[in-house]
Amino acid sequence: MKAFLVLGLLLLSAAVQGMVYDRCVFARYLKGKGMDGFRGISLANWVCLAKWESGFNTGAKNYNPGDKSTDYGIFQINSRYWCNDGKTPGAVNACRISCNALLQDDLAQAVACAKRVVSDPQGIKAWVAWRNHCQNQDVSQYIRGCGV
């Protein structure tokens, strides 16, 4: 019984932490989902964004005390505008998605929502980490050696 409890706790811990994607696996996945060149954004910029937002971790969550919102998943999509977590005051939910869906290891819903975010007038500049680490930088290193 004790072994099952320990195994259960380990599995629960893994589920809460999410999966950390390999940089090249992530780049190939995004390429397959049509992200390279979507709204004029290069694949290298998408990979750079995810590196600095979440470290490629699907389970990343960061609370923003200023507006009481939370950023979710590999792209750190915000609950104030893009998803519904049931606790962010005045949430818009423009992606019409539960924020928990953005924490899944299957990235289909996170990619669809990220496409929605960059379709807004602010575009990729909606992500602070992209502005701070990727904008006006040579981001080719983020896909180097990935065969994409």
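The values are calculated or read from the model by the stated rules, or taken from the named source; none is laboratory data. Since this is a predicted model, take the numbers as computed values, not measurements. Here the Cβ positions follow ideal geometry from the backbone for every residue, glycine too, while neighbour counts run over all protein chains shown. Accessible surface areas use protein heavy atoms only, side chains included; no ligands, DNA or RNA. Shrake-Rupley method; radii C 1.70, N 1.55, O 1.52, S 1.80 Å.
Normalised radius of gyration for the chain, please: alpha carbon Rg relative to 2.2 N^0.38 Å, two decimal places.
Working: Rg = 16.0 Å, N = 148, 2.2 N^0.38 = 14.7 Å.
Expressed relative to 2.2 N^0.38 Å, the Cα Rg reads 1.09.
Return one whole number: the accessible area per residue of region 21-148 in Å², for a 1.4 Å probe.
On the way: 6260 Å² over 128 residues.
Accessible surface, normalised per residue, equals 49 Å².
Pop out the ³J(HN,Hα) list for region 93-104 in order, Karplus 6.51 cos²θ - 1.76 cosθ + 1.60 with θ = phi - 60°, rounded to Hz; leave Gly and Pro as x.
Here the 3J(HN,Hα) series is 6, 5, 7, 6, 8, 6, 4, 4, 5, 7, 9, 6 Hz.
Only Cα pairs under 8 Å and at least 6 apart count here; give the relative contact order of the chain as a rounded whole percent. Provide the component values of the computation, followed by the final result.
Numbers: 226 pairs, mean separation 35.7, N = 148.
Once normalised by length, the contact order is 24 percent.
Heavy atoms only, probe 1.4 Å: what % of the accessible area of the chain goes to carbon and sulfur, would you let me know? Don't jump to the answer; show the numbers that get you there.
Values: 4380 of 8170 Å².
The C+S portion of the solvent-accessible surface of the chain is 54 percent.
How far is it, in nm, from the label point at residue 116 to the one at residue 132 when both lie 7 Å from their Cα along the line to the Cβ?
Output for this residue pair reads 2.6 nm.
Could you pull out the trypsin sites (Lys or Arg not before Pro) across region 34-104 that fall in loop regions by DSSP (anything but H, G, I, E, B) with no more than 14 other Cβ atoms inside 10 Å?
Numbers: sites: 39, 51, 61, 68, 80, 87, 96; in loops: 68, 80, 87, 96.
Qualifying residues, ordered by number: 68, 87, 96.
So what is the relative contact order of region 58-113, in percent, for Cα pairs below 8 Å that sit 6 or more residues apart? Working shown, then result.
On the way: 110 pairs, mean separation 16.7, N = 56.
30 percent.
Find the lysine pairs in the chain meeting two conditions, Cα atoms under 21 Å apart and a separation of 8 or more places or different chains, and report how many there are.
15
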